[in-house]
Amino acid sequence: LKPFCSSPFKTTASWSAALCAAPACGRALVGAAPHGLAAGVRAGKGRPARPMCRGHPAMRPWAALLAVAWAAAASDPKINGPGGPAAAVASYRGNASGSAGAASGGRPPPFQPLPPDSEASTEDFPQEPPIDLEPVGNPPPGPSLAGGPMTTETTAVHLQRAFWSISGHDLTVAKHDGSYMFATTGDVFTMTQRTHVYEALTGRRIAEVVSPVWSWHTTYELLTYEPVCPSQQPYETADGLPLYSFARLTQWFTWFYPEWTLFRYKCDGSVEQVWDIKTRYWFSSRWQLDFKESKAGKPVGSFDQRYYVSFDEYYDAWITKGEDLTLFALTGLMLDMNIVDDDDDDSAKAQSFLKADANATRK
């Protein structure tokens with residue numbers, strides 16, 4: 001980092017002092033970013049050191065400014081010329097980490113995994129589904145998400161969303177025995193609310209979730225690093241690697257009750273319905289949702305908020321035999337993201353209403 005921190009560019013923006021004051025964080029960002037320093041910090045995408053750098057108080061407020069400042073300096077020979085900091089970035093990456101894609105087999109570097117002995121508390125786990133489920137599911141044909149398992153019996157997963165989360169999208173998924181399956185980390189300063197999903201105990205990335213800015217309905221795109229078939233075109237490129245559409249969760253509003261549909265993508269870009277997700281009761285103080293298939297009479301899955309009030313949010317979810325367990329678990333993650341986003345919107349609307357009412361009262 002010395003070439004960068006001693007360059008004339010350092011004096012042009014105050015964020016550089018924060019970066020150069022945190023060399024361990026900065027070095028990891030430089031080494032992980034496929035397109036250099038700015039790409040690593042832009043939109044909070046420092047990898048693989050993001051779990052460390054994300055919590056650094058000096059870095060968070062400056063991520064957006066850093067992206068703008070670096071873009072403005074892209075044509076400056078003092079920065080991108082021979083011997084400049086951009087060359088130092090490329091040299092560091094080449095010597096320290098090489099090609100991220102080649103090293104990870106087509107995936108970005110892994111996240112920091114949870115400690116090997118981490119386990120979720122099973123004290124309050126229910127022992128059976130809250131409703132009767134179909135004995136066997138009938139999902140559409142196609143590969144499972146990230147090569148994950150199909151359920152061989154009715155199976156439970158348990159989700160927990162951390163209360164202390166900047167993005168609101170930091171969750172874990174545990175099996176019924178308490179062992180962790182997946183974890184997520186959400187980016188900040190992003191328009192699409194990008195959330196990364198990885199194996200909790202290895203850090204291996206399996207998917208990303210984004211929410212398109214322009215859409216008639218609230219939707220969440222589930223993207224993977226493997227195409228559904230060889231001819232599938234990428235949805236986007238991130239970290240220098242292609243991401244492919246695997247599934248999409250769409251929220252609908254029927255009267256006063258939200259409903260969701262999970263679609264899976266086919267080779268030609270069209271979609272087919274996997275689950276229709278509806279509230280179980282007309283009125284409830286907790287989220288209680290049922291997963292249904294078009295050819296099934298009973299639900300094939302359930303998703304229940306565990307407590308009325310708690311700091312962390314907990315959900316218990318059950319899925320019947322013959323279903324994609326990874327896809328089911330990640331659908332639960334997307335449902336919680338939607339719930340959080342709706343709560344934030346409602347809170348913003350309430351604050352706006354109270355402010356307008358206070359202004360009217362003063363007048």
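The values are calculated or read from the model by the stated rules, or taken from the named source; none is laboratory data. Only a predicted model underlies this, so the values are computations on that prediction, with no experimental measurement involved. In this analysis, Cβ positions are derived from the backbone assuming ideal geometry, glycine residues included, and neighbour counts consider all displayed protein chains. Note: areas computed on protein heavy atoms with side chains; ligands, DNA, RNA excluded. Shrake-Rupley method; radii C 1.70, N 1.55, O 1.52, S 1.80 Å.
Summary table
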{"item": "Area of TYR265 that stays accessible when all protein chains are in place (1.4 Å probe, Å², to 10)", "result": "30 Å²"}
{"item": "Segment 191-342: C-alpha gyration tensor shape, a/c 1.5 cut-off, then a/b vs b/c", "result": "prolate"}
{"item": "Gain on full stretching of the segment that runs from HIS217 to TYR281 - 0.36 nm per residue minus C-alpha separation", "result": "20.7 nm"}
{"item": "Global geometry of segment 110-164, whether rounded, prolate or oblate, following the gyration tensor of its Cα atoms and the 1.5 cut on a/c", "result": "oblate"}
{"item": "Area of HIS217 that stays accessible when all protein chains are in place (1.4 Å probe, Å², to 10)", "result": "80 Å²"}
{"item": "Cα-projected label distance for GLU236 with ASN138, points at 7 Å along beta-carbon direction, nm", "result": "3.7 nm"}
{"item": "For segment 228-307: rounded, prolate or oblate by the Cα gyration tensor [a/c cutoff 1.5]", "result": "prolate"}
